[in-house]
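Everything below concerns the one structure shown next.
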Amino acid sequence: MWSRGPSHAAWKGSIALTSDPAFAIRRYSVQDRPDVRRISVQTALMGEPGSAFFDDDEILADALTLYFTDHEPGSCFVAVCGGKVAGYVLGARDARRMDRICAAKVLPSLLLKALCRGTFLRKKNARFLFHVFLSLLKGEFRAPVFSKEYPAALHINIDREFRSAGVGSALIQAYLEDLKRQAVKGVHFATMSGKAALFFEKNGFQLLFRGRRTYFRYFLGKDVPLSIYGMRIA
Ligand SMILES: CC(C)(COP(=O)(O)OP(=O)(O)OC[C@H]1O[C@@H](n2cnc3c(N)ncnc32)[C@H](O)[C@@H]1OP(=O)(O)O)[C@@H](O)C(=O)NCCC(=O)NCCS
């Protein structure tokens with residue numbers, strides 16, 4: 001377990017207002033699952049709630065976290081502050097294996113669950129999926145494959161009240177140390193958050209690819225950048 005006390009330079013902002021400002025980084029365990037799913041939904045739109053574009057938290061949480069929590073929990077870490085889960089890094093040691101499991105298991109069961117719940121019949125969801133489909137037709141999902149040089153993947157999010165207090169950096173470091181111990185040679189991930197770019201660059205990641213996505217234009221009024229970052233580890 002990695003922990004930080006109140007004297008750490010990162011203590012500032014809202015986190016300092018909690019009665020016990022210390023946070024600890026520890027491996028994910030199954031009792032963290034509801035918190036991880038809640039944070040994933042609340043941060044799904046570049047750090048803002050996913051309810052802006054999708055009307056089914058259960059399905060959205062499955063799409064964002066199910067592979068990691070249910071198929072590779074040993075590669076996930078959470079930050080705990082004052083007894084509350086403040087954020088997570090969800091990892092995959094081998095992105096190609098993750099893709100295979102998602103295609104064979106996660107996606108089929110997710111589609112079936114969504115059909116049973118009538119998720120696709122809800123107007124907000126149908127509209128979002130229609131725009132994703134248009135993006136697919138436009139070739140926006142084409143990107144170079146980095147899994148050979150950077151085999152691992154990650155997904156990170158911090159609950160709003162705990163941001164900019166060092167939690168994200170500590171989670172990234174814990175995950176990178178774990179990958180290093182396992183001699184994984186690199187890690188990469190995609191993000192649509194332009195704001196988070198500085199965070200990733202400060203933590204040693206390099207921009208590998210930049211694209212754009214148009215499927216949020218119908219309600220954001222603008223395209224969103226898609227950046228793929230990577231880091232060599234071993
Ligand atoms: C991006 C994120 C993971 C960073 O974690 P964090 O705990 O807030 O970051 P840290 O406190 O460790 O690092 C802070 C540094 O990162 C940068 N940074 C972090 N969030 C930033 C933001 N929203 N805008 C600009 N810079 C940001 C800054 O350089 C900051 O340094 P400073 O506080 O000295 O200015 C977290 O803010 C978050 O989850 N944001 C919303 C969702 C998101 O963008 N997730 C990433 C998707 S892959």
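The values are calculated or read from the model by the stated rules, or taken from the named source; none is laboratory data. Note that this is a predicted model, so its numbers are computed, not measured. Backbone-built Cβ (ideal geometry, glycine too); neighbour counts: all protein chains shown.
Within region 176-191, count every residue that is surrounded by fewer than 18 Cβ atoms within 10 Å (Cβ to Cβ) and over 23 Å from A24 (Cα atoms).
Summing the residues that are surrounded by fewer than 18 Cβ atoms within 10 Å (Cβ to Cβ) and over 23 Å from A24 (Cα atoms) in region 176-191 gives 4.
Any idea which residue in region 104-134 is farthest from the ligand (Cβ to nearest atom), counting only those that are among the basic types (K, R) and surrounded by 12 or more Cβ atoms within 10 Å (Cβ to Cβ)?
R117
Count, please, the residues in region 147-182 that happen to be out of contact with any helix residue (DSSP H, G or I) (no Cβ under 8 Å at 6 or more places or on another chain) and hydrophobic (A, V, I, L, M, F, W, C).
So the answer is 6.
If you go through region 166-175 one residue at a time, how many are under 16 Å from Y28 (Cβ atoms) and within 8 Å of the ligand (Cβ to nearest atom)?
Qualifying residue count, region 166-175: 5.
Any idea which of (1) in contact with a strand residue (DSSP E or B) (Cβ under 6 Å, 6 or more places away or on another chain); (2) modelled with pLDDT of 95 or more is the one L64 doesn't satisfy?
The number of the failed condition is (1).
Out of region 215-234, which residues are in a loop (DSSP other than H, G, I, E, B) and either free of Cβ contacts under 8 Å to residues at least 12 places away in the same chain or small (G, A, S) (or both)?
Across region 215-234, the qualifying residues are G221, K222, D223, A234.
Could you look through region 199-214, keep only residues that are part of a loop (DSSP other than H, G, I, E, B) and of a type outside the set (A, V, I, L, M, F, W, C), and pick out the one that is farthest from the ligand (Cβ to nearest atom)?
The extreme case among them is T214.
Only residues that are within 12 Å of the ligand (Cβ to nearest atom) and in contact with a strand residue (DSSP E or B) (Cβ under 7 Å, 6 or more places away or on another chain): list them for region 176-198, please.
Listed by number, the residues that qualify are H188, F189, A190, T191, M192, G194, A197.
Note down all Cβ pairs under 6 Å where the first residue falls in region 173-193 and is more than 29 Å from R213 (Cβ to Cβ), the second is within 12 Å of the ligand (Cβ to nearest atom), and they're at least six residues apart or on different chains.
Pairs found: A174/I25.
When the residues of region 151-165 are narrowed to those that are under 17 Å from the mean Cα position of the chain (by Cα) and either of a type in the set (G, A, S) or within 12 Å of F189 (Cα to Cα) (or both), which ends up farthest from the ligand (Cβ to nearest atom)?
My answer is P151.
Matching residues to (1) within 13 Å of the ligand (Cβ to nearest atom); (2) of a type in the set (V, I, T); (3) modelled with pLDDT of 95 or more:
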| site | (1), (2), (3) |
| --- | --- |
| R4 | yes, no, no |
| A9 | yes, no, no |
| G13 | yes, no, no |
| L17 | no, no, no |
| P21 | no, no, no |
| R26 | no, no, yes |
| S29 | no, no, yes |
| R38 | no, no, yes |
| F54 | no, no, yes |
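Does region 135-159 hold any residues that are over 26 Å from R93 (Cα atoms) and either free of Cβ contacts under 8 Å to residues at least 12 places away in the same chain or surrounded by 14 or more Cβ atoms within 10 Å (Cβ to Cβ) (or both), and which are they?
S135, L136, L137, G139, listed by residue number.
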